[in-house]
Structure formats: C-alpha cells, structure tokens
1. Just one of (1) among the polar types (S, T, N, Q); (2) farther than 22 Å from G336 by Cβ; (3) free of Cβ contacts under 8 Å to residues at least 60 places away in the same chain; (4) surrounded by 15 or more Cβ atoms within 10 Å (Cβ to Cβ) trips up T116, so point out which.
2. For segment 160-173, check the following and say yes or no: at least one residue is farther than 20 Å from R349 by Cβ, among the basic types (K, R) and outside the structural domain of R353 (by TED's automatic domain parsing).
3. For the subset of segment 175-190 comprising residues that are part of a loop (DSSP other than H, G, I, E, B) and either out of contact with any Ser or Thr (no Cβ under 9 Å at 6 or more places or on another chain) or among the hydroxyl-bearing types (S, T, Y) (or both), which member is surrounded by the most Cβ atoms within 10 Å (Cβ to Cβ)?
4. Please give the number of the condition A210 fails out of (1) in contact (Cβ under 8 Å) with a residue 12 or more places away in the chain; (2) part of a helix (DSSP H, G or I); (3) surrounded by fewer than 23 Cβ atoms within 10 Å (Cβ to Cβ).
5. Just one of M68, M51 is in contact with an Asp or Glu (Cβ under 8 Å, 6 or more places away or on another chain), modelled with pLDDT of 95 or more and more than 18 Å from R141 (Cβ to Cβ); which is it?
6. Quick check on A298: is it assigned to a helix (DSSP H, G or I) and crowded, with 23+ Cβ neighbours inside 10 Å?
7. Would you mind stating whether R382 is at pLDDT 95 or above, over 28 Å from P200 (Cα atoms) and either over 22 Å from the mean Cα position of the chain (by Cα) or among the basic types (K, R) (or both)?
Amino acid sequence: MLVTLCLTFASCQEAKKPELTPWGTVLGGDTATVSSSLTFSDMVNNGELIMLTLSGPETYYDYHGRGMGSQYLLCEKFAENIGVSLRVEVCKDTAELVSRLKSGDGDLVAFQLPETYRGIVYCGARVDSAKTQWAVREDSRELADTLNRWFRPELLTEVKREEDFALSTRSVVRRVYSPMLNRSGGIISHYDVHFRRYAPICRWDWRLLAAQCYQESTFDPQARSWAGACGLMQIMPGTASHLGLPQSQIFEPEANIAAACKYIAELRQRFNDVRNPMEQSLFVLAAYNGGFFHIRDAMALARKYGRNPYSWGDVREFVLKLSTPAYYSDAVVKYGYMRGLETVDYVDRIRMRWAQYRGVAGGGISMGGMSIGATPKKAKRRNRFQI
C-alpha cells in the first residue's frame, strides 16, 4: 500500500513538469508562453537581443528609418559587442516595461529605471546622481554581469557625440550646387528633363519635385547621408529595394528621380483622405521627411484637439508638439517622439523654393486637377526672384 502511494505521488510530481521545446515554450500546450529563464548563452545563440524602452529623445525614436536616442545607441553598441542583432519593443510606461521584462517579452530594459522595483536586477548603464539604471530579470545574472563589465560612463558621452554628429548637416556627404543653373533661361538644374518626365507619375508640378530635390541633396547625385540615404532624392536602400531600384543604379540621376516619383505616388495614395491636392502635397512632403506614421500621429492629435486633421496648417502645429512628452505620450499617438521642427522646416523650405522656381521656370502642370498656372510675367523689380 505504501509503495503504491509513493509511486502515485512520484507520477503526479512528474506530471507537473511541462515538456519544453529547445526555445523555451511549453510543448503541446494550448497557451504556450515564452519561458523567462533563457540563459545568456541561449540569447547569444538565438542571435537577438530584445530591448524594452520608452519613446523619447534620450531613449529611442525613429529618424529617417534609423533608430536614435542615446539609450538605444548604447544598447546597440552592447549588442554589437556580444555579436547579436538588436530588436526594440517600445512600451507606454515604466510599469509596462517591468511587466514585459518579467514575463520574458524582452531581455533588458534600456531605460533609466528608479531602483525601487523588486524581482529585477539593476545593471549596465547607470546614472549615479539619480540612482537609476538599466535592468534585467533576476534569472539573467550572466547578462547582468556582462553588462556591468562592458559599461563605462564614457560610453554615454561617446554615443551622445555620435548622435549630435548624425543629426547635423556635417553627416551628409555632398557638394552644394547652385539652386538655379540659369535664371534668365529658366533652367533650374541639369536634371530638369527628368523632373519633367517623371513628375506626372506622382501628378506633381515638376518644379515642386525640383525644389524637393534641392532640399534633399542640393542637386548632388552622389550625395550620401549618415543613415545611408543615397542620390539626388536621398533614397534609403530599403526603400530602393521596395521600389525595384537596383543598388547599382541608386546614384544614377534618372533612376533615382523615377524611383522617388514612384514613392511619392505611393504616399499620395496613403493620404487619399486629404482631398485637397495642394494640402495633400504638404502632407506627402512631411511624410517623405519625417515618416508616414508620425504624420498620422499628428493628424490624430489635431482631431483630438478639435483642429482640422486634413489641413497642414493645423497638423503642422502637432508635428511640432510631437517632440513634447505630453503629446508624444498621448494615448492617440502610436509611434512616439519625432523631431518635428526638422520636418516642419523641411516642408517650409520646399514651399518657398517652389514658389521661387515657379517665378522663373515655366511648364507647370495641374496637380490633381488644380492648375498651377503658366509662367507668370517677369517682375519689373531687379532680382525679384533672387534665391
């Protein structure tokens, strides 16, 4: 009888142990969940470090398709150091950060957490004056030790210096050409024939396309940004691939302009709820520079605060506000912080240059049914259209 009871107890104990797959999920479970006990070696073998953080200028934000923010850049350096790729998961608040870390949704919190939470290990990047630090799960001691050995305070200064350089004009390698090749002859650039040919693809005035091109590259076909944007219209390699533009042709003026027009046409379609073609062109320019989803966030804010989400004049205000915590943390905002001032300035400069180009170069077309008009009469005042 005693033997039977012991065997029964042993079998029950064995039944309680779930069988796991090599990657940490419950084998055959209906609600299999990721195990939070993957070792540091497992993570390295998987080849990916999952970073949990909040959106913000010091933490993480998307900038022209490239992750930025000192905490992100620091974590990126650590990932490179241990030989894995980095994936970012953005949370809404610190409570979600800690909850998702404990549940195994991420490997580390790359955010300066106050050292008051239980059940986690503080490690890595530290701000002594504020008693804040990154964190990992309690069962990730090897990751914590590796972070502590790797981190030194100078690294934070180093990544901030790198970010400042990346955000400056010094990071763009280009020659600065004149914004007008032949004013008296109405010739804007060497590439006018391409602007005229491909502008109809996106149903834009070719002079607007020329104005955008000058803002992007100052008419340098070999221009390259720190983020990898290439050519006259500063097309990212990933975007080029999406548009069917071979990397071998990305610096060719005609191919680059043609691909940009195709991309602008796609953006126009995504903003088809902005009915006014002139307004729509401003939304498209903003999205080309700042990202489609950030502009949609600004539109959502405009709607929430009783403004017109289809008027650039109203949405412009909220693009600027997306660099303020109260707004980029708003519940209607899905993609967080953006450098709104840069995007607004981009649109403003192109609008002004477009007006100047319309004054000296003819051949304008209608934009979505709205006529831009023919070449205006020359102004009587000298240098009226000096750029």
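1. So the condition that T116 fails would be (4).
2. Looking for residues that are farther than 20 Å from R349 by Cβ, among the basic types (K, R) and outside the structural domain of R353 (by TED's automatic domain parsing), one finds at least one in segment 160-173, hence yes.
3. Selected residue: I188.
4. If we test A210 against (1) in contact (Cβ under 8 Å) with a residue 12 or more places away in the chain; (2) part of a helix (DSSP H, G or I); (3) surrounded by fewer than 23 Cβ atoms within 10 Å (Cβ to Cβ), just (3) comes out false.
5. M51
6. Yes: the conditions hold for A298.
7. no
The values are calculated or read from the model by the stated rules, or taken from the named source; none is laboratory data. All values derive from a computational prediction rather than experimental measurement. Every residue, glycine among them, receives a Cβ derived from its backbone with ideal geometry; neighbour counts consider all protein chains shown.
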